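S.K.: Sharing a structure with you now.
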Number of protein chains: 2
Amino acid sequence: MQDFSRRRFMQGAAAATLAAPFVSTATRAASPDKKLGVALCGLGNLSTNQIAPALQKTEHCRLAGIVTGTPGKADEWRRKYDLPKRSVYSYDTMHRMADNDDIDIVYVVTPNALHLEHTVAAAKAGKHVFCEKPLEISVERCQQMIDACKSAGRMLGTAYRCRFEPHHLECIRIAREQELGAVRIIEAGFGIDVGRPDQWRVKHALSGGGALMDVGVYALQATRYLTGEEPVLVTATETKTDPVKFKEVDETVTWTAQFPSGATAYCTASFKVGGIKNFRANCERGWFELDPAYYYGGIKGSRSDGKPLSFPAVDMFAAEIDDFARCVKERRPTIVPGEEGMQDVKIMTAIYESIRTGRAVRI
Amino acid sequence: MQDFSRRRFMQGAAAATLAAPFVSTATRAASPDKKLGVALCGLGNLSTNQIAPALQKTEHCRLAGIVTGTPGKADEWRRKYDLPKRSVYSYDTMHRMADNDDIDIVYVVTPNALHLEHTVAAAKAGKHVFCEKPLEISVERCQQMIDACKSAGRMLGTAYRCRFEPHHLECIRIAREQELGAVRIIEAGFGIDVGRPDQWRVKHALSGGGALMDVGVYALQATRYLTGEEPVLVTATETKTDPVKFKEVDETVTWTAQFPSGATAYCTASFKVGGIKNFRANCERGWFELDPAYYYGGIKGSRSDGKPLSFPAVDMFAAEIDDFARCVKERRPTIVPGEEGMQDVKIMTAIYESIRTGRAVRI
């Protein structure tokens, strides 16, 4: 997987050396002291309560612009973050970022089905793109995002914040070094009570799917980065207890996945049942787990052998965006490229196919 | 489920009043002080290390006989438990129990695929039968066991020891009373490292299946007694990392199950990976779990609200066999009749069908 991503990225990087915008940015970014300007595209709860505050804690970034469809939000953010008027965009005007050297990276935090449009706009304006997960609502649209960034000589990263969190990193280390033997059976689940029925998460046209797309992607990612493998077979079912609220999207999905080494996973994602937020990796000689694993903070780990699995809290959003900024500065690949985001969308598509057809789906 | 079982049992009890052997036993058993005589059929590890010692702790039973194919074991057990020679049988002579009033119940602890033969022999000899799980290796064979006991006017119980353990009983209470709201998503798994490759558990002809039949049945049972419902749809996959040892039976199975209320379960069973031994029931307003849930002792519970879920240890084998003896004495139905054991075999058969066909299977 990583080899694949790296190979794909290197092709992109090779192409990028021929692309004028990359060269100019790279030149500016060559100064390791300079903080890269990040524009937040989409000013919902996540941007407001997590990402904007996190940007204040980064070493390599600063909030340099915003893209929003709500004029009231624009004014509020301008005042709060002392942003110049020229760095405030609507979705219709964001192409003008091409003229704004203050902005190096656009962090796309809009509903899933708008990621393509906003990524293409940002890439065409010569900006690197960091995009919330799921990357988009279909493999084809993910590929278009990847292609757009590649054509523009720009990097595309997927906002998998857990990949930069020390408990998760330690779990990946335990797995890769087979400290408790090979990973054999992973249990992973993430459920939230999704709340108001008028939010975009329950509108299929904007979300592309429900619990699986929104929170299941965390559990799915975990099964992939813990095994270091790609699933080859999935089975899945969906259950619905609130057909009004979840008329358009999946309420609760359970799935199983097989990996080439013989590792296996059994997982769940729910928009109805909160309190599920963990993974446990059962290995040949013991297990390790995180619970909570996916919350913004308070992550707790444990191991069957009683050894500590505990680290000081970090701001995961600061960590992920700082890493992406360093990759941009140093012109090295990110561990969470667009291809990584697309792979999860590919597998989720297979899980939905299994639900729809009642068949195990080979990937 | 319970209504169904009770109805079926009452039919059996009504028939039993016409059957001479039941009347004679019932007359003897009418004395509440009398301990019922239990013959252990099959003297493997479980009988040796768990059931025989447990019988010494019961209120309503005593070890009154043995059935074994190994003369050396017969001598050893006769001395150890001071058994009369006439109460020691081989599988070929156990029909002679009909003449032995010391024996009221035969506890069948032989390999899965021998349960039918030994149950029929015991029932024909006029004995009530308590049988280890899984009840048999096919629904048809389970039905034959049920029919044999019914024809003989004898009770048939399935040895689901967790159903008599206070942590499990408290979990069932929490679920039924919806103390944390309705049960929505259950995660359950049981895995053991099965050890020696020459044991009957890995021989299909004797076991009828591997991890699912042997330990998965605990997780499956848990999903049923926690929801109080029967699954209507299952999906499943099997993975094998040791095709030599597990040539004939499943090594690791993962499955999902849907219940009529919209509850769902995701589960695993393994003969390769130990350390999985839990269930967690995620409800509308919190969760409760047992981990370990299925071991002979050391069961630990917890709840999302921090309230205690802890009870003094009991001998589960003593509890289950004492309950069965009380049911026999008092001529009331057991909560674990043959139909209950058959239902798990039916669902496991559907899980195997899903593995084999790559399709979701409706039950």
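The values are calculated or read from the model by the stated rules, or taken from the named source; none is laboratory data. Only a predicted model underlies this, so the values are computations on that prediction, with no experimental measurement involved. When we count neighbours, we look across all protein chains shown, and the Cβ atoms used for this are built from the backbone with ideal geometry, even at glycine. Side chains included, ligands, DNA and RNA excluded: accessible areas come from the protein's heavy atoms. Shrake-Rupley method; radii C 1.70, N 1.55, O 1.52, S 1.80 Å.
S.K.: Search the structure for amide H atoms under 5 Å from the amide H of B:LYS133, placed 1.01 Å from N in the peptide plane, and list their residues when 5 or more places away or on another chain.
M.R.: B:ALA159
S.K.: Given H placed 1.01 Å from N in the peptide plane, which residues other than close sequence neighbours of A:ARG184 have an amide H under 5 Å from its amide H?
M.R.: Distant-sequence amide H within range of A:ARG184: A:ASN282, A:CYS283, A:GLU284.
S.K.: Follow-up question, since we're still on this one. If we hang a label 7 Å off Cα along the beta carbon direction at B:ASN49, how far is it from the matching labels on the other copies, in nm, shortest first?
M.R.: Taking the point 7 Å beyond Cα along Cα→Cβ, the inter-copy spacings are 5.1 nm.
S.K.: Report relative contact order for segment B:123-186 in percent, whole number only (criteria: Cα-Cα under 8 Å, sequence separation at least 6).
M.R.: Numbers: 47 pairs, mean separation 21.3, N = 64.
Averaging sequence separation for qualifying contacts and normalising by length gives 33 percent for segment B:123-186.
S.K.: Convex hull over the alpha-carbon atoms of chain B: what's its volume per residue in Å³?
M.R.: 129 Å³
S.K.: Tell me, what does the Kirkwood hydrodynamic radius of segment A:181-254 come to in angstroms if you use every pair of distinct C-alpha atoms?
M.R.: Computed over segment A:181-254, the radius equals 13.6 Å.
S.K.: For chain A, what's the relative contact order in percent, using C-alpha pairs closer than 8 Å and at least 6 residues apart?
M.R.: 20 percent
S.K.: Collect residues whose amide H, placed 1.01 Å from N in the peptide plane, falls under 5 Å from the amide H of A:ILE276; neighbours closer than 5 in sequence don't count.
M.R.: When sequence neighbours closer than 5 places are left aside, the close amide H contacts are A:GLY191.
S.K.: From the phi angles alone, apply the Karplus equation (6.51, -1.76, 1.60; θ = phi - 60°) to segment B:235-242 and give each ³J(HN,Hα) in whole Hz, x where the residue is Gly or Pro.
M.R.: Karplus values, whole Hz, x for Gly and Pro: 10, 7, 9, 10, 10, 9, 10, 10.
S.K.: Further, regarding this structure: At 222 nm, what helix-only mean residue ellipticity would chain B give, in deg cm²/dmol to the nearest 500, using -39500 (n - 2.57) for each DSSP H run of four or more?
M.R.: Taken over chain B, the calculation gives -10500 deg cm²/dmol.
S.K.: For label points placed 7 Å from Cα toward Cβ, what is the shortest-first list of nm distances from B:ARG173 to its copies?
M.R.: 4.6
S.K.: Another question, if that's okay. Between the chain alone and the structure with every protein chain in place, find the residues of segment A:198-242 that drop at least 30 Å² of accessible area; heavy atoms, 1.4 Å probe.
M.R.: A:THR235, A:THR237, A:THR239, A:THR241
S.K.: Determine ³J(HN,Hα), in whole Hz, for all residues of segment B:285-302 in sequence, where each value follows from phi through the Karplus function 6.51 cos²θ - 1.76 cosθ + 1.60 and θ = phi - 60°; x replaces Gly and Pro.
M.R.: So the J values, rounded to whole Hz, are 10, x, 9, 9, 8, 10, 6, x, 9, 10, 5, 5, x, x, 5, 10, x, 8.
S.K.: Another one. With all protein chains present, how much of the accessible area of the protein assembly as shown (probe radius 1.4 Å) comes from carbon and sulfur, to the nearest whole percent?
M.R.: C and S atoms contribute 52 percent here.
S.K.: Same structure, new question: Across 5 Å bins from 0, what is the distribution of all Cα-Cα pair distances for segment B:127-220, in whole percents?
M.R.: Result, from short to long distances: 3, 11, 15, 18, 17, 16, 13, 7, 2, 0 percent.
S.K.: Ignoring everything but the protein chains, give the 1.4 Å probe accessible area of B:ASP305 in square angstrom, nearest 10.
M.R.: 70 Å²
S.K.: Excluding ligands and nucleic acids, what accessible area in Å² is computed for A:HIS95 using a 1.4 Å probe, to the nearest 10?
M.R.: That residue has around 110 Å² of solvent-accessible surface.
S.K.: How many nanometers, to one decimal and shortest first, lie between the label point of A:ARG362 and those of its other copies, if labels sit 7 Å from Cα toward Cβ?
M.R.: Here the equivalent label points are 2.7 nm apart from this one.
S.K.: Follow-up. Please compare each pair in A:LYS240/B:LYS247; B:LYS35/B:LYS133; A:LYS73/A:LYS127 to a cut-off of 28 Å on the Cα-Cα distance and tell me which ones are over it.
M.R.: Check vs 28 Å cut-off fails for A:LYS240/B:LYS247.
S.K.: Additional query: If I take every Cα pair under 8 Å that is 6 or more residues apart in segment A:125-264, average their sequence separation and divide by the length, what percent do I get for the relative contact order?
M.R.: Numbers: 169 pairs, mean separation 31.0, N = 140.
Contact order relative to length: 22 percent.
S.K.: Among the lysines, which have Cα under 17 Å from the Cα of B:LYS245 when same-chain residues fewer than 8 positions away are ignored?
M.R.: B:LYS203, B:LYS272
S.K.: Above 11 angstrom, tally the Cα pairs of segment A:90-130 and express them as a % of all pairs, no decimals.
M.R.: 58 percent
S.K.: By accessible area of protein heavy atoms, probe 1.4 Å, what ranking do A:THR349, A:THR334 get, highest first?
M.R.: Numbers: A:THR349 65, A:THR334 10 Å².
Listed by decreasing accessible area, they come as A:THR349, A:THR334.
S.K.: Across 10 Å bins from the origin, how do the percents of Cα pairs in the protein assembly as shown run, short distances first?
M.R.: Cα pair-distance distribution for the protein assembly as shown, in percent: 3, 14, 22, 21, 15, 10, 7, 5, 3, 1, 0.
S.K.: Could you quote the convex hull projected area for segment B:247-317, Cα atoms only and averaged over all directions, in nm²?
M.R.: Taking a quarter of the hull surface, the average projection is 7.0 nm².
S.K.: Still on this model: Against the empirical 2.2 N^0.38 Å scaling, what ratio does the C-alpha Rg of segment B:280-361 come to? Don't jump to the answer; show the numbers that get you there.
M.R.: Working: Rg = 17.7 Å, N = 82, 2.2 N^0.38 = 11.7 Å.
That ratio works out to 1.50.
S.K.: Putting +1 on Lys and Arg Cβ atoms and -1 on Asp and Glu Cβ atoms, find which of A:LEU212, A:ALA188, A:ILE137 reaches farthest to the positive end of the dipole of chain A.
M.R.: A:ILE137
S.K.: Also, quick follow-up: Would you look at the GNM of chain B, springs on alpha carbons closer than 10 Å, and say which of B:ARG173, B:ARG196, B:ARG285 moves the most?
M.R.: B:ARG196
S.K.: Shifting gears a bit: Just check segment A:212-363 against the gyration tensor rule for me: Cα atoms, a ≥ b ≥ c as the square roots of the eigenvalues, rounded for a/c under 1.5, and otherwise prolate or oblate depending on whether a/b exceeds b/c. Provide the component values of the computation, followed by the final result.
M.R.: Numbers: a/c = 1.44, a/b = 1.32, b/c = 1.09.
It is rounded, given that a/c, with a ≥ b ≥ c, falls under 1.5.
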